[in-house]
Amino acid sequence: MKVFEKIKDIQPYLAALKAEGKSIGFVPTMGALHDGHLQLVKTSVSKNDITVVSIFVNPIQFNNPEDLAKYPRTLEADVDKLAGAGCDIVFSPSENEMYPEPDNTGMEFGGLEKVMEGRFRPGHFRGVGIVVKRLFEITTPDRAYFGEKDYQQLAIIKYMVKNLSIPVEIIPCPIVREADGLAMSSRNMRLTPEHRAMAPEIYKALLRAKENYSWFIPSGLEKLVTTEIEQNPGLKVEYATVADSVTLQPFEDWMDTEHAVLCVAVFAGNVRLIDNIILY
Ligand code: PAF
C-alpha cells in the first residue's frame, strides 16, 4: 500500500494506472476508521482494480470549532487498518495542501442542504461539497463509496455529481452497526461509558417508529421518537425529522410520498450522533 501526502505525487501515479485501463474506487474519510469505513473499503476492493482512501479532517465542514479540535486523529492506526482491508493507496494531505488559499466557492444543492443537518450546522454541506469535489478531481475515481448513515450527505453528493456532470458513480453502502444497534461512527469513541450504554436506545426508537409509523401522522411520529429517546437522561434530540427520502422535504401525510426516511440527530452528553431509518 502506498501513502501519498502531495497532490503532485498522487495525480501522475493514478493517471498512469488509469492509462493502463485500471478502474479506481475511492472512499473519502476523515480518519478515525471503524468497521463501517472498512466495509466501504472492502466493497470498493471487490469492485475495482485500485482502491484509494483519503484521510483528511476537513476544517471547513466543521461549524463548531470544539468539534473540530476534538475530532479523533489516529493516522498510524488508520493506515494499518487500511492495509489489512486491501486498500492500495492512501491520500493523507495536510490542510495547506488541500487549501493553499481560503476557498470562497459558493455551493448550493437545490434545497437539499437547507433541512435537517443544514438547519443546525450552517456551512457544513458547503464544506463537504468543496472537499469532495476537490478529492474527486485529485483521485479521478470511477466509483466512490459513501455510507448511508450520513443520509443527507449522500443525497447532496449525488446531487452535486449530477449537477456538475462529474464522471463518477456514487455507490451508497448500508449503515454498519455495533452488536447492540448503535450506528458506527468515529464520534462513538468520545462517548463516556454511561452515554455509550444508553446510545443504542436511539436505534431502538427508530426501529419502533418503523414498525408503528402508520398509526401516526409524520409530525406525531417525530414527537414520539423524540419523547422515547429523551426518556433516557443524557440523550437530547436536536431533531427527529420524517422526510421524503429522495427530496428530503417534509410532508404531512403518508400518502404524499412513496418513500420516506426518518433522520435524527441526538446529543449523548456532548457528543452529537446521527442515525436514520427508511420507513418505507
Ligand atoms: O463523511 C465524512 O467522513 C466526510 O464528510 C467526508 C465525505 C470524508 C468529507 O470530508
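The values are calculated or read from the model by the stated rules, or taken from the named source; none is laboratory data. None of these values were measured; they are calculated from a predicted model. Positions of Cβ are generated from backbone atoms using ideal geometry, with glycine treated the same way; all protein chains shown enter the neighbour counts. Heavy atoms of the whole protein, side chains included, go into the accessibility calculation; ligands, DNA and RNA do not. Shrake-Rupley method; radii C 1.70, N 1.55, O 1.52, S 1.80 Å.
So here's what we get for this one:
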quantity	calculated
Surface accessible to a 1.4 Å probe, per residue, for the residues of region 21-149, Å²	42
Candidates per GluC sites (Glu not before Pro) in region 37-112, loop by DSSP, up to 15 other Cβ within 10 Å	GLU108
Carbon + sulfur, % of accessible area of region 130-280 - ligands and nucleic acids excluded, 1.4 Å	55
Of LYS22/LYS158; LYS81/LYS133; LYS162/LYS223; LYS70/LYS210, those spanning more than 28 Å from alpha-carbon to alpha-carbon	LYS162/LYS223; LYS70/LYS210
Region 199-272, Rg to Rh (Cα coordinates; Rh as Kirkwood inverse mean 1/r)	0.98
Surface/4 estimate of mean projected area, convex hull on alpha-carbon atoms of the chain, nm²	14.7
Kirkwood hydrodynamic radius of region 112-225, Cα pairs, Å	16.5
Mean ellipticity per residue at 222 nm, deg cm²/dmol - from DSSP H runs of n ≥ 4 across the chain, formula -39500 (n - 2.57)	-11500 deg cm²/dmol
Expected-Rg normalisation [2.2 N^0.38 Å, Cα atoms] applied to region 10-143	1.10
Span from the region 155-229 Cα centroid across to the region 42-107 one, whole angstrom	22
